[in-house]
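Only one structure is covered here, and it is reproduced in the block below.
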Amino acid sequence: MPHPTLLTGRVLRTLDDPFTAAPETALRIETDWGVVLQNGRIADIGPAATLRANWPQVTEIAYGRDLICPGFVDAHVHYPQTAIIASWGKRLIDWLNSYTFPEEMRLADPAYADAIATRYLDLTAAHGTTTVCSFCTVHPGSVDAIMQAAQARGQRIVAGKTCMDRNAPEGLQDTAQSAYDDSKALLETWHGVDRLTYAITPRFSPTSTPDQMAALGALWAEHPDCLMQTHLSEQVDEIAWVKSLYPQARDYLDTYEQHGLLGPNGLYGHAIHLEPREQDRLREVGAALVHCPTSNTFIGSGLFDMAGLMAQGQRIGLATDTGGGSSFSMLRTMAAAYEIGQLRGTPLHAAQLIWLATSGSARALRLDGHIGRLDRGMEADLTVLDLASTPAIAQRAERAESDWDDLFATIMMGDDRAVRATWINGGATG
């Protein structure tokens, strides 16, 4: 059995939800602490001196003033869009037609899908992300590619085959029956294997007929422990399109609810322009909303109401939404969430921001029993942040009045240079 590894430095502890408790008591930054990693799990956590005494055979890696955090959890991405990130000047529907659909066609080639999956996981690990929840393409091989790449790294991942049987190029369409059959076969192959989770994945209501939605709803009813991911109320013109396609629906959410696609394991990306009934139903069933701030500003979608929805008791995660989002970095995503909060008059505390990128997203994915915080028995996914990674950040850090002030500067100005190390399943990457 290999010797355990002790990481020492400043350690982020998650004690409570900073949206329901005072942020600075819900999360704490401990100085001269450590985390012991053994067999892919956190074996111990506490003051560094105590851990050294209790684990005499440990191999120590000292990170000094760096901050040891839970690994970042990105709750809504499209790994097939890696190569088209930051493409210019389109809103949602034009973005799909001009950039997304042509690129997704390329993943019909298994070799290309493998290359993009590997590139994507390399890029996200470099930015401190240890778990992602990804849409794939209509091609089953695109699911195999990302699952195999994650499995080889011992990485926890959620992914699913995107299903579309209308309003998409012919080469990206399946049928109600093939969507059910392919999704079921992929689910049976991957779900629950190692650290892999399958998500049933209708892209969104405009690209699925009622028959396909019903077929996927039936599959979810047969496998309720799976997640179901889709999009909801991202842009106002999208909502109008949904109303024209589903004239009998009470609202956008009802297009899912009518077909068995609303439930506690549901993940609804964006959710910017929600009606009161939609908010009530999402809260009642315990579904999760996923905030994608860089995407919402880059594609011009609108301003997510984090404070209002949290006050209602909604479950909310945070995500880059690669490649509609303009960055692979959860630090940049936290900064964008702060900026959107400012525009709505409800700025977020640094503790709330980093909680969203770790525990909050893990909770949204129903994985908070495994990842998202540093505690005994949790899986050993960690990110180590250098809080003085550039001259600009270092000079600001010198003026920091608290650990939270120190971290906030890195949240607002940091990038992959701030990621000192990423640990996945107890091993350092890169």
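Checking each residue in segment 389-421 for being under 14 Å from ILE68 (Cα atoms), open to solvent by 30 Å² or more (accessible area, probe 1.4 Å) and either among the aliphatic types (A, V, I, L, M) or not in a helix (DSSP H, G or I) (or both) picks out only ARG420.
Taking the condition more than 29 Å from ARG119 (Cβ to Cβ) and among the aliphatic types (A, V, I, L, M), does ALA176 pass?
Considered against the rule, which asks whether it is more than 29 Å from ARG119 (Cβ to Cβ) and among the aliphatic types (A, V, I, L, M), ALA176 comes out as yes.
Would you be able to say whether some residue in segment 361-369 is closer than 22 Å to CYS226 by Cβ and among the polar types (S, T, N, Q)? Yes, some residue in segment 361-369 is closer than 22 Å to CYS226 by Cβ and among the polar types (S, T, N, Q). Of all the numbered requirements in (1) farther than 24 Å from SER208 by Cα; (2) of a type in the set (Val, Ile, Thr); (3) free of Cβ contacts under 8 Å to residues at least 24 places away in the same chain, VAL285 misses one, and that requirement is (1). Scanning segment 354-362 finds no residues that are open to solvent by less than 50 Å² (accessible area, probe 1.4 Å) and assigned to a loop (DSSP other than H, G, I, E, B). Among all residues of segment 46-57, there is at least one that is touching a Gly at 6+ places or on another chain (Cβ under 6 Å) and not in a strand (DSSP E or B).
For segment 34-93, the set of residues classified as of a type in the set (Gly, Ala, Ser) and over 24 Å from the mean Cα position of the chain (by Cα) consists of GLY34, ALA43, GLY46, ALA48, ALA49, ALA53, ALA62, GLY64, GLY89, listed by residue number.
In segment 6-33, what residues are of a type in the set (S, T, N, Q) and either surrounded by fewer than 21 Cβ atoms within 10 Å (Cβ to Cβ) or under 18 Å from TRP355 (Cβ atoms) (or both)?
Narrowing segment 6-33 to residues of a type in the set (S, T, N, Q): 8, 14, 20, 25, 31.
If the condition is that a residue be of a type in the set (S, T, N, Q) and either surrounded by fewer than 21 Cβ atoms within 10 Å (Cβ to Cβ) or under 18 Å from TRP355 (Cβ atoms) (or both), then THR14, THR20, THR25, THR31 are the ones that fit.
Check whether at least one residue in segment 58-71 is within 30 Å of SER142 (Cα to Cα) and outside any helix (DSSP H, G or I), and report yes or no. The answer is yes; a qualifying residue exists. Every listed requirement among (1) over 26 Å from ILE157 (Cα atoms); (2) part of a helix (DSSP H, G or I); (3) open to solvent by 30 Å² or more (accessible area, probe 1.4 Å) is met by TYR99 save one, (1).
Taking the criterion of being small (Gly, Ala, Ser), in contact with a helix residue (DSSP H, G or I) (Cβ under 8 Å, 6 or more places away or on another chain) and farther than 9 Å from PRO70 by Cβ, the only residue of segment 358-388 that qualifies is ALA388. For segment 169-187, name all the residues that are open to solvent by 20 Å² or more (accessible area, probe 1.4 Å) and not acidic (Asp, Glu). Selection gives PRO169, GLY171, GLN173, THR175, ALA176, GLN177, SER178, TYR180, LYS184, ALA185. May I ask you to list the residues in segment 117-132 that are in a helix (DSSP H, G or I), of a type in the set (Val, Ile, Thr) and within 15 Å of the chain's Cα centre (by Cα)? Passing the criteria: only THR124. The condition of being under 30 Å from ARG13 (Cα atoms), in contact (Cβ under 8 Å) with a residue 12 or more places away in the chain and open to solvent by less than 20 Å² (accessible area, probe 1.4 Å) holds for only one of VAL36, VAL143, that being VAL36. Checking segment 127-148 against the condition returns a match, with at least one residue being on the phi > 0 side of the Ramachandran plot and out of contact with any Cys (no Cβ under 7 Å at 6 or more places or on another chain).
Answer yes or no: is there a residue in segment 318-327 that is crowded, with 24+ Cβ neighbours inside 10 Å and among the aliphatic types (A, V, I, L, M). There is at least one residue in segment 318-327 that is crowded, with 24+ Cβ neighbours inside 10 Å and among the aliphatic types (A, V, I, L, M).
Say whether the condition of being under 26 Å from ALA214 (Cβ atoms) and in contact (Cβ under 8 Å) with a residue 12 or more places away in the chain is met by at least one residue in segment 307-317. Spell out how you get there, then give the answer.
First, pick out the residues of segment 307-317 that are under 26 Å from ALA214 (Cβ atoms): 315.
Those left that are additionally in contact (Cβ under 8 Å) with a residue 12 or more places away in the chain: 315.
Yes; the residues of segment 307-317 include at least one that is under 26 Å from ALA214 (Cβ atoms) and in contact (Cβ under 8 Å) with a residue 12 or more places away in the chain.
No other residue among ARG156, ARG119 is closer than 21 Å to LEU367 by Cα and in contact (Cβ under 8 Å) with a residue 24 or more places away in the chain apart from ARG156.
The values are calculated or read from the model by the stated rules, or taken from the named source; none is laboratory data. For clarity, every value in this text was computed on a predicted model and none was experimentally measured. Virtual Cβ from ideal backbone geometry, glycine too; neighbours counted across all protein chains shown. Side chains included, ligands, DNA and RNA excluded: accessible areas come from the protein's heavy atoms. Shrake-Rupley method; radii C 1.70, N 1.55, O 1.52, S 1.80 Å.
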